[in-house]
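First comes the structure, then the notes that go with it.
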Amino acid sequence: MIRQPAPPTDRSHPGSARGGGEGGARGDRWSRLLTVAAELSTLRRDPLPPLSRPRWLARLPHVLVVYLALFFGFLTTEQLQDHYHVTGGPPLVLAIGTGVSIVLALFRPIAAWWLGLLCAGLIGWEIHDQVGQGQSWPWMPGGMFAFAPLVLLVALRVPARVTVGVTLVPLALAGLAELFFKPDHSATTIPSTALLFGFVGLLGYALRALRLARGELVEQETLTEEERARRTLLEERSRIARELHDVVAHHMSVISIQAQVAPHLVENPSEELKENLAGIRENALEALTELRRVLGVLRSEQPDDPANPHHPQPTLAELDGLVDNVRGAGLEVAVEVAGVRRPLTPGVELTAYRIVQEALSNCLRHAPGSRVEVGIAYGPRDLHLCVANSAPTRSAPTSPGAGHGLLGMRERAGMLGGELAAGPRPEGGYEVTAVLPMDAPALPGGSSPETKRNS
């Protein structure tokens, strides 16, 4: 008979899983113990934070700690000499060490705790042979109260697991000392120190939790205020967008429709009339497109929102079309380009286009019949722009604008670290010059200057 092979051991057996779970739990416990040990061995600086309010009480805890250090320093000297009859230099040294440990806890709590624990151990060693009937050991009556502020000051600044270690370690050491080295007829200190250290440890943990909760509340209130301000800004931008749409878009649509219908209202319209009306309609539609794009930026909280894609921004490559529109409106425009023409960063391209566009619009409004010269020079590091017009040949109609064109051009140039100057020419007319750095840094968030101006 052929013996069937024994089934392979299944390591996924529930018993194995249970063993693995227990091993994992033990590993987690050891990991936590090692973390606590590492935190108890650090000597890093951790100053005690002052009170937040009122301001005149901000340093009151520091003053109280210094007072406790002086008080327990004198108390240690008095009890060592009068109660335990320890004379010579040790009482003074141990008293100074006790006071210094309390003051040090203001800045380095763990280091102060270790120093206080060392002083307590040395005090227990010094009084071991001097303990009388009913006297406490290894803690003196004042010694346990001198160590309590250290537990409290550490608990105020460390996690709960470290607070437990800070509380239990001195109790464990005192218990071992009483178990193996307790003098005859001495009184035990374990119950009283356990009660005292447990109380101050719990108090420190509660005060730390309260401080952290208050800090989180302040942080949440700050975030709420920022969110409220952001929402208010978005609502205001949406309101501006609605107003612009209601006022400007309506009139531009009417202009476009009237320009489209006008040739049909005239019998045998001339080709020039049709061409001019077609240009009016084309410019009106282009203005509507630009307006909708700007309104989309105003309505969007995030300029780079995929739900609000940006249309391609105009560049200097489209300058010929802009000049042709101005020529069609009746201005004589000459363009001269110097240097090696090359593509620039999107911000510089857009800013240069908008400056030339605004300068030509000002020529149409304020200098009808003038001759306009547009100069663009590509330098090694800068782009130079110049738009100059001669004196107008006829009076300009009254403009209802508020004169924000020059301000807007200066803002665009300034955002790129450039400069813009504008003023009348000696021989008559007006001139706008600008210098834009070609290596202008990108604006925060990767947005264009137009996005920043409209947001």
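Which of the following residues is out of contact with any strand residue (DSSP E or B) (no Cβ under 9 Å at 6 or more places or on another chain) and within 15 Å of V200 (Cβ to Cβ): W139, W125, W114?
Selected residue: W139, the only one of W139, W125, W114 that is out of contact with any strand residue (DSSP E or B) (no Cβ under 9 Å at 6 or more places or on another chain) and within 15 Å of V200 (Cβ to Cβ).
Tally the residues that are open to solvent by less than 60 Å² (accessible area, probe 1.4 Å) and outside any strand (DSSP E or B), restricting the search to segment 329-339.
Of the residues in segment 329-339, 3 are open to solvent by less than 60 Å² (accessible area, probe 1.4 Å) and outside any strand (DSSP E or B).
What single numbered condition from (1) surrounded by 14 or more Cβ atoms within 10 Å (Cβ to Cβ); (2) in a helix (DSSP H, G or I) fails to hold for E78?
Only one criterion in (1) surrounded by 14 or more Cβ atoms within 10 Å (Cβ to Cβ); (2) in a helix (DSSP H, G or I) is unmet by E78, namely (1).
Please find, within segment 58-75, the residue that is farthest from P47 (Cα to Cα) out of those that are open to solvent by 90 Å² or more (accessible area, probe 1.4 Å) and touching a residue at least 12 places away in the same chain (Cβ under 8 Å).
F74
Looking only at segment 104-117, decide whether some residue is open to solvent by 60 Å² or more (accessible area, probe 1.4 Å) and touching a helix residue (DSSP H, G or I) at 6+ places or on another chain (Cβ under 7 Å).
No - not one qualifying residue is present in segment 104-117.
Consider segment 349-381. How many of its residues are open to solvent by 10 Å² or more (accessible area, probe 1.4 Å), in a loop (DSSP other than H, G, I, E, B) and of a type in the set (G, A, S)?
Selection size over segment 349-381: 2.
Could you check H384 against (1) assigned to a helix (DSSP H, G or I); (2) open to solvent by 10 Å² or more (accessible area, probe 1.4 Å); (3) more than 26 Å from E282 (Cβ to Cβ) and say which number it fails?
Failed condition: (1).
Name every residue in segment 169-201 that is free of Cβ contacts under 8 Å to residues at least 40 places away in the same chain and more than 16 Å from F145 (Cα to Cα), in order of residue number.
Of everything in segment 169-201, those that are free of Cβ contacts under 8 Å to residues at least 40 places away in the same chain and more than 16 Å from F145 (Cα to Cα) turn out to be A172, G175, L176, L179, F180, D184.
Out of L104, L94, I need the residue that is touching a residue at least 12 places away in the same chain (Cβ under 8 Å) and of a type in the set (A, V, I, L, M). Which one?
Going through L104, L94 in turn, the sole match is L94.
Which condition does R59 not pass, out of (1) modelled with pLDDT of 90 or more; (2) within 28 Å of L210 (Cα to Cα); (3) of a type in the set (D, E, K, R), if it passes all the others?
(1)
All but one of (1) open to solvent by 50 Å² or more (accessible area, probe 1.4 Å); (2) modelled with pLDDT under 90 hold for E419, so report the exception by its number.
(2)
The values are calculated or read from the model by the stated rules, or taken from the named source; none is laboratory data. Being a predicted model, the structure only gives us computed values, none of them experimental. Cβ sites come from the backbone with ideal geometry, for glycine too, and all protein chains shown count toward neighbours. Remember, those area values only see protein heavy atoms, side chains included, never the ligands or the DNA or RNA. Shrake-Rupley method; radii C 1.70, N 1.55, O 1.52, S 1.80 Å.
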